[in-house]
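Working notes, beginning with the structure itself.
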Amino acid sequence: MNFMELAKNRFSCKRYQSDKPVEKEKLDKILAVGQLAPTAKNNQPQHVYVLQSEEALQMVDTLTPCRYGAPLVLAVTYDSNQEYVYPGDKYTSGIEDASIVATHMMLMAASEGVDSCWLNFFDPDKAAEALKLPANERVVLLMDLGYAAAGTRPTPTHDKTKPLAELVSYR
Ligand SMILES: Cc1cc2nc3c(=O)[nH]c(=O)nc-3n(C[C@H](O)[C@H](O)[C@H](O)COP(=O)(O)O)c2cc1C
């Protein structure tokens, strides 16, 4: 499958086979691709928590209703002491860095036939507390990983993209 087909076929999976784990070999590849992602100044302020024990998954369920039965959830965080600060001292790169890492992992998962869903329907402060993170570490996203339950289809809006002309300008 070429990259365009991969990007078209990936969809946010909202129902998983909870008894079908993600194979360690595939998980290792997904995590390794996150390691290759670019970050501002190559600071690599991110950290990825693999949540797969029963206790950890129950903790996720206290934070969000969006695990959808996934047997594994990644929490992607960044350390605000390590992120890049833009000139002007107003903006920082941590969310961008963590998002690029997560996007790499999401697409690697798709390429390995593993379904996923990026989540931000949770309170980041409560997530940091539940994960016992230090004050300088922020949770940017959770990502469900697993295998879609039988009959699971992309949501009806999956194919509804705005026209390219609305999304791109040439100047
Ligand atoms: C930043 C971000 C946050 C999201 N948060 C959630 C979420 O909390 N719960 C959920 O079910 N889906 C979530 N999604 C999935 C989106 O709803 C989904 O990507 C979008 O509807 C497009 O569908 P598709 O990914 O199947 O193309 C999120 C996606 C992104 C990119």
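Derivation of every value follows stated rules applied to the coordinates shown; laboratory data play no part. Not measured: the values here are computed from a predicted model. No Cβ is skipped: glycine too gets one built from the backbone with ideal geometry, and neighbour counts run over all protein chains shown.
Miscellaneous remarks
- Computed from backbone phi, the HN-Hα couplings of segment 109-124 come to 4, 4, 5, 8, x, 9, 7, 8, 8, 6, 10, 10, 7, 6, 8, x Hz, rounded to whole numbers (Karplus: 6.51 cos²θ - 1.76 cosθ + 1.60, θ = phi - 60°; Gly and Pro given as x).
- Only one residue of SER169, ASN42, LEU72 has its Cα farthest out toward the positive end of the dipole of the chain, where Lys and Arg carry +1 and Asp and Glu -1 on Cβ, and that residue is SER169.
- Of the residues MET106, MET59, MET143, the one that moves most in a GNM of the chain with alpha-carbon contacts below 10 Å is MET59.
- The chain - percent relative contact order, Cα under 8 Å, separation 6 or more: 33
- A simple rule links phi to the HN-Hα coupling: the Karplus curve 6.51 cos²θ - 1.76 cosθ + 1.60 with θ = phi - 60°, which for segment 99-105 gives 5, 5, 4, 5, 5, 4, 5 Hz, with x for Gly and Pro.
- Cβ-based net charge around THR161, under 14 Å, with every Lys or Arg adding one and every Asp or Glu removing one: +2
- Amide H within-cut-off set for ALA149, under 5 Å, with H built and near neighbours excluded: ARG15, TYR16, GLN17
- Ascending count of other beta-carbon atoms within 10 Å, so fewest first, for ARG171, ARG138: ARG171, ARG138
- Potential lengthening between ASP159 and GLU55 on full extension [0.36 nm per residue; Cα-Cα distance subtracted]: 33.9 nm
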